[in-house]
Amino acid sequence: MFPRLPTVTKALLIANVVLFVLQQPFLLGMQTFEPFVLWPISSGGFDPFSPGQNFQPWQLLTYGFLHGSFGHLFFNMLALFMFGAPLELTWGEKRFATYYLVCVAGAGLCQLLVAALVGEGGAVLGASGGVFGLLLAYGMLFPNQRVMLLFPPIPMKARTFVIVFGAIELMLGFTGWQPGVAHFAHLGGMLFGWLLIRYWRGQPPFNRRGGGGRPNHLRRVK
């Protein structure tokens, strides 16, 4: 099945796996990638001449290609495989790549904002922000498609799946019941994905004159 994957989805899977291998201690090690993890602005300010454990603008994208453990990588890549391929086949390579990277960067921005507001937060890494954006898009474009939860194995419509996961992330983010996970980054990926789709469709808050929108490739699939 892998050779049949669309181009961008396949490239994202390969890039994430290769970088995870390079992160291992017997190769480059995680210290090599510290300038590419997303650090909170309060950690060391912005110093363009000394990238390390401080914020750098490029981290808003690069953090989405690094992972902290095999399980972290596996579940993110499984979701990218499941939801990324049908979206890329629907949108095309350029639009799909734009959407994914906007979700990754948007998730990073939301995480930085929350970290600044609460005055805490460590380094963040992982493709989860982009993946949650893909999940949101899949629920909007294919709302009645059946998807299966892994734990527990419950089938449900994609639209319901998105609502459930969004509500869980919101609850965990505000309650702090699952520390060490950037829940607001996940929500940020969904938020920026939702905004971008509505922009493409010419829907509020991005109304276009004439209300034409672009329904041909952004319509819902029943």
Query raised in the report: Within the group 123, 107, 115, 85, which residue is at pLDDT 90 or above, among the small types (Gly, Ala, Ser) and within 21 Å of residue 34 (Cα to Cα)?
Result: 107
Requested in this report: Within region 91-112, track down each residue that is surrounded by fewer than 17 Cβ atoms within 10 Å (Cβ to Cβ) and either acidic (Asp, Glu) or in contact with a strand residue (DSSP E or B) (Cβ under 8 Å, 6 or more places away or on another chain) (or both).
Outcome: 93
Requested in this report: Scan region 89-117 and report the pairs whose first residue is within 13 Å of residue 8 (Cβ to Cβ) and whose second residue is of a type in the set (Val, Ile, Thr), with Cβ atoms within less than 7 Å and a gap of 6+ or a chain change.
Outcome: 93/7; 93/8; 96/8; 97/8
**Report entry** In region 36-50, the residues that are outside any loop (DSSP other than H, G, I, E, B) and modelled with pLDDT of 90 or more
**Finding:** 36, 38
Query raised in the report: Restricting the search to region 17-35, which residues are farther than 14 Å from residue 69 by Cα, aromatic (Phe, Trp, Tyr) and either under 20 Å from the mean Cα position of the chain (by Cα) or not in a loop (DSSP other than H, G, I, E, B) (or both)?
Result: 33
Report summary line: Subset of region 163-210, residues modelled with pLDDT under 70 and among the aliphatic types (A, V, I, L, M), comes to 171, 172, 181
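The values are calculated or read from the model by the stated rules, or taken from the named source; none is laboratory data. Keep in mind the model is a prediction, meaning the values are calculated, not measured. Don't worry about glycine lacking a Cβ; one is built from the backbone with ideal geometry, like all the others, and counts go over all protein chains shown.
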